[in-house]
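Asks: Before I ask anything, let me first share the structure, which is written out below as structure tokens.
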Amino acid sequence: MDKTPAASATTQNRLLMQRKRRFKDKLANFTIGMGGVTVILSIVLIFFYLLFEVWPLLKGSELSKGTSQATTVPSLYLDADEYNETGIRIQADGHYDVIAAKTGALVSRHSLPLPAGVTVAAVHKGSVLSGLIGFGLSNGQLLVAKPNYQSSFADNNKRSVTASLAFPYGEAPALINADGRPLTQFYVRGDDSTLTVLAETSQGLERVSFDFTGGEQSEGLTLGGDDTAPTEPTLTQSERIQLPYSGGDITDIVLGQEGVWGYVFHDRNKLAIYSLRGEPALNQELMVTEPGLQVTAVTALQGNISLIIGDNHGQVSQWFQVRKETAEGEKFELHKIRGVKLGDAAITALTGEPGRKGFVAGDQKGVMSYYYTTSERLLSQQQVSTTPIRTVSVSPRSHGILVQSDDAYSFWNLEAEHPDVSMTSLWSKVWYESYPEPDYTWQSSSGNIDFEGKLSLMPLTFGTLKAAFYAMALAAPLAIFGAMYTSMFMAPALRRKVKPTIELMGALPTVILGFLAGLWLAPTIEANLPGIFSLLILTPIGILLFGMLWSRLPLEKRSVADGWAPILLIVPILLIGWFSFAMSQPVEVAFFGGDVRLWLESETGLNFDQRNALIVGLTMGFAVIPSIYSIAEDALFAVPRHLTNGSLALGATQWQTLTRVVLPTASPGIFSAVMIGLGRAIGETMIVLMATGNTAVMDWNIFEGMRTLSANVAVEMGEAEVASTHFRVLFLSAFVLFVITFVLNTAAEVVRNRLRKKYGSL
């Protein structure tokens, strides 16, 4: 029998609806799938972008040969301009050559302004940054020079660099040895007004000081109306002090930072250290090599704080002054900080790196090594000659190395963008210059160029975990117990008001919470610290006492609707809070001498910072509670009613039902809530930025602040130079934070799935 038209239309409508439904299902599946893929792709892209910015930190240095040129006259000193275009080579015959730095080709030759019949007996560099060169002459005089580079541009914008030796203290040599004995061992340090020389003289070991005048212009009054007139540079001896010295042959002399310390190497492996502040005195004397070895090369790192000492067995060590507290008072001692064995041949040349804390060493076998002290990285080691290396020099921008061996001059290209970063400097204790001991330190900038960057991520990672720990210690118990109560014991009508209110707390901007924490909560807690601790003790006691008193009341006076009893606790909690803060000052005066912070420091050794971990715990806990509470409460409330009803029907109490049925069933959701809250706490920025004091210290003390990874990135990224070491380490901080959260979320998902499988059959 044929279908009626009405039946046929109904069938067509049904088919049309089915097709629409299938289309909507496919569209929903596609949209949801694309959303998931987009999220995963975004995470992967973030990962690789962070890795892209961090990767240059992991690269070592690249050393490539430029050119070499055979030489017959050995170079006593090498230098190059910042562009590696022009250099200066001082030779033993009393001349200096202006050369093409990369090829060694001669540009011009000049004679030093030496007195007739006088030759150069020795050449010694001053500090790396000063650029001063001291010429010890055969007649006992000293001539001080400094490389001078002038850049100019032609009409075609081609740069041209001219080089010469300038004589900032005049071309007239200063007399050091009055008897005409050749000046061979000395060190010079100078500024705009003085020149200080520590030298071995015919009288022994002496510090000779000169006053300097002239050079450019000196103030004066002329009849022509011109109030300035050029004058000739003049050195006038102002002081000559003999130092107590009883050692043997002196092999090297170095003046330390600001001329405060004098280092005199003698008798192959001994070092005499003199304090030159005020009246010079011998401060310390020690051996700087292992027994049987001898010092073969010495230099100072940039800043002249650290000494770099090489011996005849290829070992190089770093030394600097360390302050010690003794019974007699403060004392400084020279300590060996670190050492490295570069080979088995004697170290014949050493030079510090301009602007950084690295050095270049050359040895007897012609091997050149580039080592960075802070990171303890041997970045490059290259055979550059078949004969001993006599002189090495690093260009001002650290992208070129000039090498003079016995028979050849060579130039080497150096690429080392971030030598100061290593796994050691990031995650281990590092003994920084002038520090009393190795330490974890983050200190990314300083006001002077002598600064040694301190980029340890340990205090930042520690601060991140510390802030998260105290926040979760407050938030997790309150949120979970609150969720347990509202889902199982609270009246439904009250629950419908409480739950949205708590969830609404999560909408508060964290910058507002941080602002309130830093400007209101922190000073309030500081002024009422005894009240805060009283509140923590009295609140649970007061609640228990109120419950006991409430239970003793006659039944007719306890006529409160089931599930509404918590409302009654508001009044005693407010009273306890008022009482705790009202008694804070009297308690502080009676038991803590009027200042609880001073008492804590003197009696327990705990320091109190106004913005500390307690403030962070309270504020960030307040911010995290809504997230944990909402998810945990939903998980508890979603437990099937037949499970709870069955448990209650079998005679179990509500508490037994909660602990033995509801909690196991809801445990995957509760665990997810805790992990989401932990992730929120670890990644929080504004609250910890405004409420911690941003002190990068490693101390679990609840009254001391911290600095977190996220807050550090927020604070310092704006001032970091793009592509600098500081910039990339900040990206590394973000990468570490990314990895921590990824690992936590992955672990949480694994645990959650296992809990779901275990309790899903209930």
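Each reported figure results from applying straightforward, stated rules to the coordinates on display, with no laboratory input. Treat the numbers as computed from the prediction; the structure is a model and nothing was measured. FYI the Cβ positions are ideal-geometry reconstructions off the backbone, even for glycines, and counts take in every protein chain you see.
Asks: Once amide H atoms are placed 1.01 Å from N in the peptide plane, what residues at a sequence separation of 5 or more from S127, or on another chain, have their amide H within under 5 Å of its amide H?
Replies: L132
Asks: How high is the relative contact order of the chain? Use alpha-carbon pairs under 8 Å, at least six apart in sequence, and give a whole percent.
Replies: After rounding, I find 10 percent.
Asks: Suppose the chain between A565 and A493 were pulled fully straight at 0.36 nm per residue; how much longer would it get relative to their current alpha carbon spacing?
Replies: Here the segment from A565 to A493 would lengthen by 24.6 nm.
Asks: Using the Cα centre of region 457-595 as origin and beta-carbon charges of +1 (Lys, Arg) and -1 (Asp, Glu), tell me which of L516, P572, T464 is placed farthest towards the positive end of the dipole.
Replies: P572
Asks: Now for a different question. Is region 71-139 rounded, prolate or oblate when judged by the Cα gyration tensor, a ≥ b ≥ c being the square roots of its eigenvalues, rounded requiring a/c under 1.5 and prolate requiring a/b larger than b/c?
Replies: oblate
Asks: Please work out the Cα center distance from region 1-79 to region 419-435, rounded to the nearest Å.
Replies: The distance from the Cα centre of region 1-79 to that of region 419-435 comes to 37 Å.
Asks: Follow-up. Need one word for the chain: rounded, prolate or oblate. Basis is the Cα gyration tensor (sqrt eigenvalues a ≥ b ≥ c); a/c below 1.5 gives rounded, then a/b vs b/c decides.
Replies: Prolate.
Asks: Against the longest principal axis of the chain, how steep is helix 663-683, in degrees 0 to 90 to the nearest 10, with axes from Cα atoms?
Replies: For helix 663-683, the angle is close to 30 degrees.
Asks: Turning to a different aspect of this structure: Compute the Cα gyration tensor for region 457-759, then decide on rounded, prolate or oblate, letting a ≥ b ≥ c be the square roots of its eigenvalues: rounded whenever a/c is under 1.5, prolate when a/b is larger than b/c in the other cases, and oblate in all that remain.
Replies: oblate
Asks: Where does region 62-438 land on the Kirkwood hydrodynamic radius, alpha-carbon pairs, in angstrom?
Replies: 21.8
Asks: Another question about this same structure. Could you go through region 607-616 in sequence order and give the Karplus-derived ³J(HN,Hα) for each residue, using 6.51 cos²θ - 1.76 cosθ + 1.60 with θ = phi - 60°, rounded to whole Hz, and x for Gly and Pro?
Replies: Going residue by residue, I get 7, 10, 9, 4, 9, 9, 5, 5, 4, 4 Hz, with x marking Gly and Pro.
Asks: Next question, about the same structure. Across region 261-267, in residue order, what do the Karplus-derived ³J(HN,Hα) couplings come to in whole Hz, using 6.51 cos²θ - 1.76 cosθ + 1.60 with θ = phi - 60° and x for Gly and Pro?
Replies: Once θ is set to phi - 60°, the couplings for region 261-267 become 10, x, 10, 10, 8, 8, 6 Hz.
Asks: Okay, next question. Find the centroid of the Cα atoms in region 106-155 and in region 237-255, then give the distance between the two in whole Å.
Replies: 23
Asks: Amide H neighbours of M706 under 5 Å, counting only residues 5+ apart in sequence or on other chains, H built in-plane at 1.01 Å?
Replies: N694, T695
Asks: So, one more: Quick one: Cα centre-to-centre distance for region 585-606 and region 514-568, in angstrom?
Replies: Here the answer is 25 Å between Cα centres.
Asks: Could you give me the radius of gyration and the Dmax of region 611-735, taking only the C-alpha atoms into account and expressing both in angstrom?
Replies: 21.1, 70
Asks: Continuing with this model, one more query. Quick one: length gained pulling I43 to K757 fully straight, 0.36 nm per residue minus the C-alpha distance?
Replies: 254.3 nm
Asks: Another one. Can you give the relative contact order of region 532-662 as a percent, counting alpha carbon pairs under 8 Å and 6+ residues apart?
Replies: It rounds to 16 percent for region 532-662.
Asks: What list do you get for E239, E704 if you sort them by fewest beta carbons within 10 Å?
Replies: In increasing order of surrounding Cβ atoms, one gets E239, E704.
Asks: Using only helices, what value at 222 nm comes out for the chain when you add -39,500 (n - 2.57) per DSSP H run of length 4 or more and divide by the total residues, to the nearest 500 deg cm²/dmol?
Replies: Helix-only estimate at 222 nm: -12000 deg cm²/dmol.
Asks: Give me, ordered by chain and number, the residues 5 or more places off A121 or on other chains with an amide H under 5 Å from its own placed amide H.
Replies: G136, L137, S138
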